[in-house]
Amino acid sequence: MTKRMIALILCVATVLLCLVGCAKNEEDKGAYIRMYLTEPIYDVDPLQAFDNEATLQLVSLLFEGLFYADENGKPQKGLVDKYKYTEDKEEGDYILQLTLKDTKWSDGVPVTANDAQYAFLRLLAPNFTHPAVSMLYDIKNARAIAAGDDSVGHLGVTVVDNATLEIAFEHPIDVDEFLLVLCSPALYPLRDDIIDANPDWGKKSTTIFTTGPFMVRSMSYTEKDGFILERNSYYYRDRNKDDLDKRVRPYRIVVDYSTDLAEQFAMLGSSEAGALYYFGRIPLAVRQGGEFALDEVEVTDAASTHVYYLNENAEINGEKLFAKKEVRQALSLAIDRSAIAEAMVYAIAADGLVPCTLRNRPDKKATFRAKAESYIASTANINEAKTLLSTAGVTPGSYSFSITVASYDEDHIAMANLVKAAWSSLGFNVSLNILTPFEIIDYVDDDSNPDTPEVAKPSGIFSNPYKDAIDDLIYTTEDSEGTTEHVVEAIALDLIAYSPDAFSYLAPFAKAFSGNKYNHTDYNLQGHIIGYDSEAYNNKIEEAFAAEDFNARADRLHEAEAILMDEMPVIPIVYNQNATVKAKGISKLDSTFYCCSILTEVKLKNYWNIALRDEFVVIEEEEEEE
C-alpha cells in the first residue's frame, strides 16, 4: 500500500511539474532584460559610428560584418562561410573570393553578395565622403575612383552569385592583413533598396532592417523602457524548424532613457520593478563617487582616442587662428591630461594619437602604442604654451571661439569643461557650444477639420546637428528668421579606429587618403575636413602604403604619428576605456575588439520571476511562423 501511494504521489508530482513548465513556457519567448547599453543613439547607420563610442556599441548588435575582430584583434568569420585567395601573376589577377553563410535580414529577405558589394560601392560613391575609404585602396581601381579618375562601377568588387563575392586587387596582398579591413563596421553589408529610397533609414525603427542578432522594436527616448531591441528571429535560423533561441537567447533588451542614469544604477540587480542588470556605460557621477568596488567593474581598453579637431579654415577674429602651428601646440600644452583621465576614472592620459589596442603589425601581438614614442606630457605646461603664443604674435584675449560637443554625452561635456578652463587660462575667450538633437516635425493635412489645413505631427526622426558638424565642420539651425549656417571652430569626438590596423587610423590625415572627394572646381583633392595639409605627412603615409614588408610599414607609420604630434592638427586628450558592470544573475557576456558587448548567449537567472515595470511600453507582437 505504501509503495502504491508513493508511486501515485510521484506521478501526480510529475504531471504538476509538466503543467507548471507549460504554464511558464507556453508564451515564453525568452528573457526581457533591462540594460543600459549606451547613451541615446539617433542614427544606427554604421558609417555614423566612428566618432562616438556609444554608437558602435549599438550598431554591433544590429549588424553582422563579413568578419569581426575578436578581443585580441584577430579576424574571425562573421557572414563569411569560407574564403579563397588566388594569384595569377602572369595575368595580373589577384582575387579574394568570399562565400557567404545562409541567413536573412530581420524582415525575412535573404542576405546576398549584393548587400556586401553595396557597402563597398557606397563608400566610393560620387559626392560621398568618409575617412574609411582609404582602407580600400588595395582594391582594383579604388584609389583612382576616390581621386575622380574612374567611376565607381569599375571597382574591383563583383557579385558572382547570391552567395559569392569576388574582390580583385591591384597587386599581391597579404590575406590576413586584408581580413582586418573586412572586420570594419564601415563594411557591414547593407540594403540598397532601403537606403537609396530613404536617406533617413537609420533613424526610424520602421526602416531599420538588420542582419545581426537583434532588431530595433521601439526607438522612444522619452517613454520609460521605450527603447527596445528584439531578437532577430531570422538570424542564422530556419523559423520553421529551429528553436526560438537557437542563435539568440534573450528575447528583448529594454532600455530606459527617460530616467536619470545614476538613479537607475542605484537599483542595479535589485528585486524592484524596473531594476537594471547590466550597464554598458557606468554613469559619470557613480564613477566619480566610488560607490562600488573596483573588482565589480570590467575595464577594457577601447579602440579609440578622445580628441579635438581644430578647424584650420575657421576665421576667428578675422584670421585663421588654428592654421598656426604654434597655436595648436600651445593649446595642446595647456591641457592637463592626467587630471582629465582621473576625472573620467576609466581613461588613460594620451601621449600620442593611435589608441592602445591597435596592432603594430598584423602578424604580431604587439600593439602600436607599445612600440611608439611618448609624444605628449600628461601634465600641462602653461608657461611654454604662453611662450609659443607670443612667438606666433597671438594675443589670446583678442580671440573668442567655442568647443562644440553633443548634449547627450556627459563624458564629453565634462572633459570639454576642463579643456575650456585650460584654454581660458591662456587668455582665450572660450565657450561651450552644446548641440542637442531635435525631432523633425511633419505638417500633414487634417481631413477631419477643413478649417485646419495642416497639423503638426512628430516624425519619429531626430536631426542631430552634432553629427552634421562632425561630417564637415558645418551645421545649420532653424528659427523664425530662417536657416543659419554655422562653422565649427573646435569639436570634441571619439576618434574610433576603422579597423584593428594602425594604418586606417593615421592615413585619413593625409590628403590623398582622407576620403574627402576630388573637387572638380579647382581640380584638387579636398583633404581632411580640418584643413590639414602637410607635405611631409602626406609623403610618409604614401611610403607606408607602398611598403613591401610589415616592418617598413610600421616604421613609416610611427614616423607619421611623430609628424602629426609635432604639428598637432588633432589634439589627443585621453585613450578611451570601456567600463561595464553587471548584476548577479547575469552570465554569458562577451565582447569584441571594439569593446562591443556580445549578447547572443547572455542569460538572466530566473528571468520569468523578474518584474520589468508597470509602465512598460506595450509593443505589438509579430506572429512567429510555425
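The values are calculated or read from the model by the stated rules, or taken from the named source; none is laboratory data. All of these numbers come straight from a predicted model, not from anything done at the bench. Backbone-built Cβ (ideal geometry, glycine too); neighbour counts: all protein chains shown. SASA here: full protein model, heavy atoms, side chains in, ligands and nucleic acids out. Shrake-Rupley method; radii C 1.70, N 1.55, O 1.52, S 1.80 Å.
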Check your understanding: Across region 286-307, which residue is farthest from Met565 (Cα to Cα) among those that are touching a residue at least 24 places away in the same chain (Cβ under 8 Å) and assigned to a helix (DSSP H, G or I)?
Key -> Glu296
Check your understanding: Of the residues that make up region 207-220, is at least one among the basic types (Lys, Arg), open to solvent by 10 Å² or more (accessible area, probe 1.4 Å) and in a loop (DSSP other than H, G, I, E, B)?
Key -> no
Practice item. Have a look at Tyr498, Tyr575 and point out the one that is closer than 28 Å to Ile413 by Cβ, at pLDDT 90 or above and in a strand (DSSP E or B). Key: Tyr575
Review point. Do you know which residues across region 108-118 are open to solvent by less than 60 Å² (accessible area, probe 1.4 Å) and not small (Gly, Ala, Ser)?
Key: Val109, Val111, Thr112, Asp115, Gln117, Tyr118
Exercise for review: Taking only region 239-252 into account, find how many residues are touching an Asp or Glu at 6+ places or on another chain (Cβ under 8 Å) and of a type in the set (A, V, I, L, M, F, W, C).
Suggested key: 1
Check your understanding: Can you find a residue in region 396-419 that is of a type in the set (Phe, Trp, Tyr), part of a loop (DSSP other than H, G, I, E, B), on the phi < 0 side of the Ramachandran plot and touching a Phe, Trp or Tyr at 6+ places or on another chain (Cβ under 6 Å)?
Key -> yes
Check your understanding: Which of the following residues is modelled with pLDDT under 95, surrounded by fewer than 20 Cβ atoms within 10 Å (Cβ to Cβ) and not charged (D, E, K, R): Gln97, Gln76?
Key -> Gln76
Check your understanding: Can you tell me how many residues in region 327-352 are part of a helix (DSSP H, G or I), surrounded by fewer than 20 Cβ atoms within 10 Å (Cβ to Cβ) and hydrophobic (A, V, I, L, M, F, W, C)?
Key -> 2
Point to revise | Residue that is surrounded by 15 or more Cβ atoms within 10 Å (Cβ to Cβ) and either modelled with pLDDT of 90 or more or out of contact with any strand residue (DSSP E or B) (no Cβ under 6 Å at 6 or more places or on another chain) (or both), where the choices are Glu548, Glu542, Glu535 | key: Glu542
Check your understanding: Can you name every residue in region 32-65 that is open to solvent by less than 20 Å² (accessible area, probe 1.4 Å), charged (D, E, K, R), assigned to a loop (DSSP other than H, G, I, E, B) and modelled with pLDDT of 90 or more?
Key -> Asp45
Check your understanding: Does Tyr68 fit the bill of being assigned to a strand (DSSP E or B) and touching an Asp or Glu at 6+ places or on another chain (Cβ under 6 Å)?
Key -> no
